[in-house]
Amino acid sequence: MYLTYAEFTALCPESGVDEEHFAALERRAESDIDTLTFNRITAMGFERLTDFQRERIKRSAALQVKFIYDNSELLESPLSAYSISGVSMSFDRSKIVVVGGATTTAQVYGLLLQTGLCCRKAGGVNEIS
């Protein structure tokens, strides 16, 4: 688990996510982060990462939990856009990142990029031995 409920509420105090639903949301956010980092966190072990990397991952996990909570209906829909009575809705592509099927915000992905774990090159840039 990358993030506890207490850490989440400290990072996103007005999210509206209650403790009862947090565990499922955190598991999904963790899965998305693992996809975005090509499972490097799982392979290395969260505790073996630097303090800086762990802090960025916790922050990105909190923001991803909030993103999933706020947009769960859209994320679960097979539609990329829809229109009802002249009103249309779609994700702003400049604010959304999709890697390997994981959808997140540019902000979350930017935090993960800072860890060096999102590099598409084998091993990433911050391989820990």
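Quick notes on this structure:
- Hits in the range 12-26 (condition: surrounded by 12 or more Cβ atoms within 10 Å (Cβ to Cβ) and either in contact with a Leu (Cβ under 8 Å, 6 or more places away or on another chain) or not hydrophobic (A, V, I, L, M, F, W, C) (or both)): Cys12, Ser15, Val17, His21, Glu26
- You will find that of Thr50, Thr35, Thr105, Thr42, the residue that is modelled with pLDDT of 90 or more, out of contact with any Ser or Thr (no Cβ under 6 Å at 6 or more places or on another chain) and open to solvent by less than 40 Å² (accessible area, probe 1.4 Å) is Thr105 and no other.
The values are calculated or read from the model by the stated rules, or taken from the named source; none is laboratory data. This one's a predicted model, so the numbers in the text were calculated from it and none came from an experiment. All Cβ positions, even for glycine, are placed from backbone atoms using ideal geometry, and neighbour counts span all protein chains on display. All accessible areas refer to the heavy atoms of the entire protein, side chains included, with ligands and DNA or RNA removed. Shrake-Rupley method; radii C 1.70, N 1.55, O 1.52, S 1.80 Å.
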